[in-house]
Amino acid sequence: MSTLQDVLSFNEEFVSEKKYERYITTKFPNKKMVILTCMDTRLLELLPQALNLANGDVKIIKNAGAIVVHPLGSIMRSILVAVYELKADEVMVIGHHDCGMSALNAGDMMAKMKDRGITEATLSTIENTGVDLKSWLTGFSSVSESVEHSVGMIKKHPLLPAGVPVHGLVIDPKTGKLDLVVDGYETEK
Ligand SMILES: [Zn+2]
């Protein structure tokens, strides 16, 4: 059975047996918070458990590295939607140790693209439009610095209203232990 078939047949049973009932909630986060974190598989269940979050408690935005790359990109837009439309009053950026983005090497990844059939011409066409692919595909060297940077991007964003604390934390992907990098209440004072 394919992965897709697997998912679909499980889903049929999930719905018909009403296993969704214990997850019923609203789109508004009970804990009035939006979290930006990494797509890392180890955090899938660990992060909500380690932070005592149940279905309905928070909005969670995920990408590779928990990084705000562009001030008008989809991450920032999602945060603003959470704040203005979904009653989130606080923002948390949670990076993690041993993140794939800390080791990401643009040259290696572009070599893999070529191995998979992406031509040099395609890469240079993109670069000719003014996109610096190498820097776009480069991660970070320090997770706490990266978290601090993303917190700064959000906090200083011209469209974020005053009075929304933006916290920065780093989680251990094995134990779930959190280390505080930025206490958003401090910068609110
Ligand atoms: Zn990661």
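Every read-out reported here was derived from the displayed coordinates using simple, explicitly stated rules and does not represent laboratory data. All values derive from a computational prediction rather than experimental measurement. All Cβ positions, glycine included, derive from the backbone under ideal geometry; neighbour counts span all protein chains shown.
Among the lysines, select those whose C-alpha is under 30 Å from the C-alpha of LYS114, and discard any that sit fewer than 8 residues away in the same chain.
LYS62, LYS134
Give me a comma-separated list of calculated 3J(HN,Hα) values for segment 38-54, in order, Karplus coefficients 6.51, -1.76, 1.60 applied at θ = phi - 60°, integers in Hz, x for any Gly or Pro.
Once rounded to whole Hz, the list reads 8, 6, 3, 4, 5, 8, 3, 9, 4, 4, x, 5, 5, 9, 6, 10, 10.
Determine the equivalent ellipsoid of the chain by diagonalising the alpha-carbon gyration tensor, then write out the semi-axes as square roots of 5 times the eigenvalues, largest first, rounded to whole Å.
Working: eigenvalues 172, 136, 57 Å².
Ellipsoid semi-axes (Å, largest first): 29, 26, 17.
If you filter segment 133-163 for trypsin sites (Lys or Arg not before Pro), then keep DSSP loop positions with at most 14 other Cβ within 10 Å, what is left?
LYS156
For a footprinting-style exposure proxy, rank ILE118, ILE61, ILE35 by other Cβ within 10 Å, fewest first. The partial results should precede the final answer.
Working: ILE118 13, ILE61 21, ILE35 27.
Listing ILE118, ILE61, ILE35 from fewest to most nearby Cβ atoms yields ILE118, ILE61, ILE35.
With the contact rule set at Cα under 8 Å and sequence spacing of 6 or more, what percent relative contact order holds for segment 48-189?
Rounded, it is 29 percent for segment 48-189.
May I ask for the net charge around VAL34, where only other residues with Cβ less than 15 Å from the Cβ of VAL34 are counted and Lys, Arg are +1 while Asp, Glu are -1? Could the numbers behind the result be given before it?
Values: positive: LYS27, LYS31, LYS32, LYS59, LYS62, ARG77, LYS87, LYS155; negative: ASP57, GLU85, ASP89, GLU90.
The answer is +4.
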